[in-house]
Amino acid sequence: MLPCSDTYRQRSPPRLLFPIRVFRPLKDVSGHFITIFHSFTLPVPLRAMLVPVVAATFIISALAGVSSAQSPAYNGICEQISGSISAGSGVYYKPDRLYRKGIEHFMTSSEQESSCVVEPGNTDDLGKIITILGSTRTPFAVKGGGHCSNPNGSSTEGVQIAMYRFSDVNYNANAQTVEIGTGLIWDDVYNVLIPQGVNVVGGRTSGVGVAGFTLGGGYSWLTNQYGLTVDTVVSFELVKTDGTVVTVTDSSDSDLFWALKGGLNNFGIVTKITLKTFPQGQVWGGLVIYTSNKLDEVATAVTNFAANVNDPKASIITAVNFLLTQTLVTQLIFYDGPNPPDGIFDEFLDITSLSKDVKSRDFISLFKSSPVNLTANQRGLFQNIPVVNLTANVINAMFNETKVKSTHPLFGNDLTSYLSLCSTGVTNSITTPATFISYQLEPFLPSILSHSSSASAWPPTRDVAYLPLNIDYGWLLESQDEVLRDAARQSAAHITQVALDEGQQVENAPHYVNYALYDTPIEKIYGASLDKMRSVKARVDPDDVMGLTGGFKF
């Protein structure tokens, strides 16, 4: 992830800012990636909310120590890999900083201590690596950006493959395409493309990896105009489980191309993705923060926006967040142009806000305006709720869940007492408070799935463009994992029932795989696509080598 530049900060209107230090991977002079601290800024309204969480995270980490000891079970495989690859790749063991960086994830609940971390530097070495892993039936994981929200999704106790060295961004102006390495995050891609006046249908928030996002579907600020990210894929470079390297296109292997578009890591390891590019100029928007007494006004504004705004250049993300003792609404606003037409966002701007950073700016500045690192380095989850329409009933149900959860003992706010108990070693006898509750609304136009004539494994149907509502929880201790996950399941079931009660046909709605909780039935994600996906899988990975990885399997 690349840091915000001073140029972008200077363009912001005067406001009080709070510096935060978080881990950022960068390359050293030898080309290796290292983990360093990097400062970014937050509006003051989030400052008081974040300080106790950061303090709690560091205190509990110090008391609890590292999650588990490094597994030595597969060290022999690691040594075999090390002896087979070129100097352009590397194998790292604990306590090497590149080992730690290789297993790090945005959510600590997604991390595991692997026997080693392998950084392949080219497709030939990656082919050797995957051949060794397959022949020895060694569990492994493939990590791109590390933003996976599920345990085991991109982590393992076996061999952790970290794709950081696949880091090229090659823009072809004549073809209007860009080749992107799957070790990158979207920040890296935008930093190359935006200065050249072009963009891709990529991630909306900082720190999200290119690979998992794209292979899972991909909702973007540009989705209303151009479709999902998978709808803009031109080709995949794929290292197959027999070690061969192929370029997969609709013309070279239409079934495999279809399966890779939404099929995650089930068919091999994708090393490069070629996407269509689109012209990109100045945009308008940013972040608005409201206090809890404005919930009803924001709910009305979101309802009206979802029902009435049909400009494909306009998009929003509304999140109601309970962080320790405070409930705030973070409202992200986007318009693909220097100024929006009158009336589109007026309701949001007319609500009295706690903080407002909305203006004409470049795309990178808007992309960086979201406070996504509030819950980094904590345990966490996503839980998807697909709906057909973002109605007043559904919106109010989402908002009310935040109110209910914030008053439940599970989400208690007496953090001082909790930390005192931590220091005396009696945390097992108390109910641990969740540090973060967020319910996120993402309206899109019903036409978003009509931009491509090429089908994809996900979504399994293009008859209805279901909206990907999301539940996002954060907490500190592993002992509370199942309690919080069950709370999310119950909450999602309640909101789904609200949609059903008003006649929305969501019984068989496909869940967005990038938001789906780990135990979501595979049928609820891929539906009618499953039979064809299994057929393609049997052809390209007959020994089920990719079944040695985690994630959603069929």
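Count of region 319-361 residues, restricted to those that are among the acidic types (D, E) and outside any loop (DSSP other than H, G, I, E, B), is 4. Look at G263 and say whether it is in a loop (DSSP other than H, G, I, E, B) and more than 20 Å from L530 (Cβ to Cβ). It is false that G263 is in a loop (DSSP other than H, G, I, E, B) and more than 20 Å from L530 (Cβ to Cβ).
Taking region 522-554 as the range and being open to solvent by 10 Å² or more (accessible area, probe 1.4 Å) and small (G, A, S) as the test, the residues that pass are G527, A528, S535, A538, G547, G550, G551. Whether any residue in region 440-458 is open to solvent by 60 Å² or more (accessible area, probe 1.4 Å) and farther than 27 Å from S220 by Cβ is what I want to check. Checking region 440-458: not a single residue is open to solvent by 60 Å² or more (accessible area, probe 1.4 Å) and farther than 27 Å from S220 by Cβ.
Working only within region 451-472, note down all residues that are in contact (Cβ under 8 Å) with a residue 40 or more places away in the chain and not in a strand (DSSP E or B).
Within region 451-472, H451, S452, S454, A455, S456, A457, W458, P459, P460, T461, V464, Y466 meet the criteria.
Of the residues in region 295-305, not one is hydrophobic (A, V, I, L, M, F, W, C), within 28 Å of N373 (Cα to Cα), in contact (Cβ under 8 Å) with a residue 24 or more places away in the chain and assigned to a strand (DSSP E or B). Regarding region 128-150, can at least one residue be identified that is charged (D, E, K, R), closer than 18 Å to R379 by Cα and touching a Ser or Thr at 6+ places or on another chain (Cβ under 7 Å)? Yes, region 128-150 contains a residue that is charged (D, E, K, R), closer than 18 Å to R379 by Cα and touching a Ser or Thr at 6+ places or on another chain (Cβ under 7 Å). Among the residues of region 498-521, the one identified as in a helix (DSSP H, G or I) and exposed (fewer than 12 other Cβ atoms within 10 Å of the Cβ) is D501. Number of residues in region 176-195 that are over 23 Å from V142 (Cα atoms) and part of a strand (DSSP E or B): the value is 1. Filtering S252, S220, S206 for residues that are at negative phi and touching an Asp or Glu at 6+ places or on another chain (Cβ under 6 Å) leaves a single hit, S206. Residue check: S251 meets all listed conditions (1) closer than 26 Å to G134 by Cβ; (2) over 23 Å from the mean Cα position of the chain (by Cα) but one, namely (1). Residue count for region 221-259 satisfying the condition of being of a type outside the set (A, V, I, L, M, F, W, C), surrounded by 19 or more Cβ atoms within 10 Å (Cβ to Cβ) and without any contact (Cβ under 8 Å) to a residue 60 or more places away in the chain: 3.
Quick grid of which residues meet (1) within 22 Å of G474 (Cβ to Cβ); (2) hydroxyl-bearing (S, T, Y):
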residue: I269; (1), (2): no, no
residue: N310; (1), (2): no, no
residue: S315; (1), (2): no, yes
residue: T330; (1), (2): yes, yes
residue: P340; (1), (2): no, no
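Those residues that are more than 17 Å from A457 (Cβ to Cβ) and in a loop (DSSP other than H, G, I, E, B), I need them from region 528-548; list them, please. Hits for region 528-548 are P542, D543, D544.
For region 333-350, a residue qualifies if it is surrounded by fewer than 19 Cβ atoms within 10 Å (Cβ to Cβ), farther than 27 Å from V198 by Cβ and in contact (Cβ under 8 Å) with a residue 12 or more places away in the chain, and the qualifying residues are E347, L349. The set of residues in region 119-177 being among the aliphatic types (A, V, I, L, M) and open to solvent by 40 Å² or more (accessible area, probe 1.4 Å) consists of A173, A175. Scanning region 62-78 for residues that are modelled with pLDDT of 95 or more and surrounded by fewer than 13 Cβ atoms within 10 Å (Cβ to Cβ) returns a single hit, G76. One residue stands out in region 178-220 among those that are in contact with a strand residue (DSSP E or B) (Cβ under 6 Å, 6 or more places away or on another chain) and without any contact (Cβ under 8 Å) to a residue 24 or more places away in the chain: the one that is surrounded by the most Cβ atoms within 10 Å (Cβ to Cβ), namely V189.
Cβ separations smaller than 7 Å between residues 6+ apart or across chains give the following pairs from region 123-148 residues that are free of Cβ contacts under 8 Å to residues at least 60 places away in the same chain to residues that are assigned to a helix (DSSP H, G or I): I129/I81; I132/I77; I132/Q80; I132/I81; T136/I77.
One residue stands out in region 264-314 among those that are open to solvent by less than 10 Å² (accessible area, probe 1.4 Å) and aromatic (F, W, Y): the one that is farthest from N199 (Cα to Cα), namely Y290.
Given the criteria aromatic (F, W, Y), open to solvent by less than 10 Å² (accessible area, probe 1.4 Å) and either modelled with pLDDT of 95 or more or within 22 Å of the chain's Cα centre (by Cα) (or both), does F411 qualify? Judged against the criteria, F411 is not a match. Kindly indicate the residue of region 472-483 that is more than 14 Å from M107 (Cα to Cα) and of a type outside the set (S, T, N, Q) and also least open to solvent (accessible area, probe 1.4 Å) among those meeting that condition. For region 472-483, the residue satisfying everything is V483.
Scanning region 505-545 for residues that are under 22 Å from G380 (Cβ atoms) and in contact (Cβ under 8 Å) with a residue 40 or more places away in the chain turns up H511, Y512, V513, N514, Y515, A516, L517, Y518, T520, I525.
The values are calculated or read from the model by the stated rules, or taken from the named source; none is laboratory data. Remember, predicted model here, so these are calculated numbers, not experimental data. Ideal geometry is used to build each Cβ from the backbone, glycine not excepted, and the neighbour counts take in all protein chains shown. Just the protein is used for accessible areas: all its heavy atoms, side chains included, with ligands, DNA and RNA removed. Shrake-Rupley method; radii C 1.70, N 1.55, O 1.52, S 1.80 Å.
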